[in-house]
Amino acid sequence: MSLMSRTWFINLIAIILAALADIVFVGSLPLSLHSLHLVVLGIVFAALLANIRAAAWWALLGGLMFEIFSFRFFGSHLIILFLVLGLVYFLFERVMTNRSVYSLLMIAIGATILYDGLFLLFDYWSGVRLLPPSSLFKALGLSLVVNAVAAIFIFYISNLATRRLRPVFLPFTRR
Amino acid sequence: MNNRRPLATFAVLGGIIILLIIIGSNRFGTLGGFTRAVAKPFAGFMHRAGEMLAFSKEQATSEEAMVALRSENARLAAENALLLTLEDENRRLRDYLVFAEAQKSSLQMAEIIARGVPGDSWQNRQTVTLNQGSDQGIAVGMPIVSSEGVLVGKITAVKNNIAEACLMYSADCRIAVTVAGRGDTLGIARGDLGLSVLIELIPQTQTVNERDVIVSSGLEAGMPPGLLLGYVSRVIKEGNELWQQAIVEPAADVETLRFVAVLKQ
């Protein structure tokens, strides 16, 4: 197996496992860990460590796995992950200037807000009875914290394996 | 970011997604069914791992006795509810000399392989995904019960080999209920903020008391009467309101459920 096809195969398995874990494992976790979005984080990190094409594979295959197991109307996950991909690309290319942990944090938070917000809108339009605004804001806050902490954790783990990331925003200079 | 022709990537991805949506979910029946069949054992394993994380070992040991007692209590209450319903049925039979053929339900055991809906960080939907679907005869509206025969929810959507069920704590899960032994429909039970169950639309003329046993009334298609739901813990009665409400304490603990039975008519 060539290096390229091996990388492609590992990516494929990672996407399927992350999507499956997102569907069946994350939902039963205690505290607010059920709001962890593994596929969204996968898109962010694929864009950060590889390129937008790798992130697009995460959006497409991850979205397809969700569609196969989900009972929402067909296409909702694919559309939302496509929009998240668009936001991640825009933030990486037009707003952020480097690959520091701060940039990653901002992008992970932005992607989480878009992902959660769009699903809330979908639920509202499809007539789901929503919780009171106070509970919704609390849930969004916890979701942001959980995904931001997970992003930082993965960032530092990735940092051990690659030199593409910079753990600090401003380099320390000696006067 | 090393991006080669990003616009082309977005255009191709957008095109594929639009094509998939136009083709529609029905065309993915075979592929989806195959993928689910392959993934289900992993899904069950992953879900159990998540459940194990959710309940620590210490909690499990101290809660063991409580769960056993709760289970026994629920079983007895279900039996009592059934007896009260049978008594009512007998009375009606004697009164009106109408013969009603006993409802024959067959059970389909199913394992919970996922909780909640992907993307629902808000937990607006209190649902579970079961590892059995329409291929096993499961259809929308069928009730799901715990091992003690306590009503915990109903089927809301099915695919060929998986099904989605709403739990009684869900605001979107609505079931016509009555007080055990009464027969006529009392009101509609639904989840209240994911914490308790609320019976709405109870006429002011109806008498509801605390500790009354609440069972399904059988008004809906596919829902047999007499399935225990819980006990009335509080009655909310305002003088100037058309309806009264009752808060129900469910008899089953849905958080610890791993297997459920689907009642097929």
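Numerical summary
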quantity: Shielding by partners, peptide A:54-65 (average Cβ within 10 angstrom, other chains); calculated: 3
quantity: Separation of alpha-carbon centers, the range B:239-258 and the range A:81-120, rounded to whole Å; calculated: 41 Å
quantity: Inter-part distance where the range B:105-170 and the range A:1-72 are each reduced to a Cα centre, Å; calculated: 25 Å
quantity: Sum of side-chain charges, A:Ile68 neighbourhood, beta-carbon under 10 Å (Lys, Arg +1; Asp, Glu -1); calculated: +1
quantity: Selection from A:Val24, A:Asn98, A:Gly63, by position along the positive dipole direction of the range A:3-161 (Cβ); calculated: A:Asn98
quantity: Size of electric dipole in the protein assembly as shown: Cβ of Lys, Arg +1 and of Asp, Glu -1, about Cα centre, debye, nearest 20; calculated: 2420 debye
quantity: Nearest 10 degrees, 0 to 90: helix A:38-49 Cα axis against chain A principal axis; calculated: 20 degrees
quantity: Relative contact order, percent, chain A [alpha-carbon distance under 8 Å, six or more residues apart]; calculated: 23 percent
quantity: Within the range B:175-250: Cβ-based charge dipole about Cα centre, in debye rounded to nearest 20 (Lys, Arg +1; Asp, Glu -1); calculated: 120 debye
quantity: Charge dipole (debye, nearest 20) of the range A:3-161; +1 at Cβ of Lys and Arg, -1 at Cβ of Asp and Glu; calculated: 140 debye
quantity: P(r) tail fraction, the range A:3-161 - alpha-carbon pairs more than 20 Å apart, %; calculated: 50 percent
quantity: Kirkwood-based shape ratio for the protein assembly as shown, expressed as Rg/Rh from alpha carbons; calculated: 1.05
quantity: Angle in degrees between helix A:101-125 and the longest Cα principal axis of chain A, rounded to the nearest 10; calculated: 10 degrees
quantity: Kirkwood Rh in Å, taken over the range B:175-250 so that all alpha-carbon pairs contribute; calculated: 12.1 Å
quantity: Lysine pairs within the protein assembly as shown, Cα separation less than 30 Å, 8 or more sequence positions apart or different chains; calculated: 12
quantity: Cα point-scatterer Debye curve for the range B:117-173, base-10 log of I(q)/I(0) at q = 0.12, 0.17, 0.26, 0.30 Å⁻¹; calculated: -0.27, -0.53, -1.05, -1.20
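None of the figures in this text is laboratory data; all of them are computed from the coordinates on show. The model shown is predicted, which means the values in this text are computed figures rather than measured ones. Quick reminder, even Gly has a Cβ in these numbers, built from the backbone with ideal geometry, and neighbours come from all protein chains shown.
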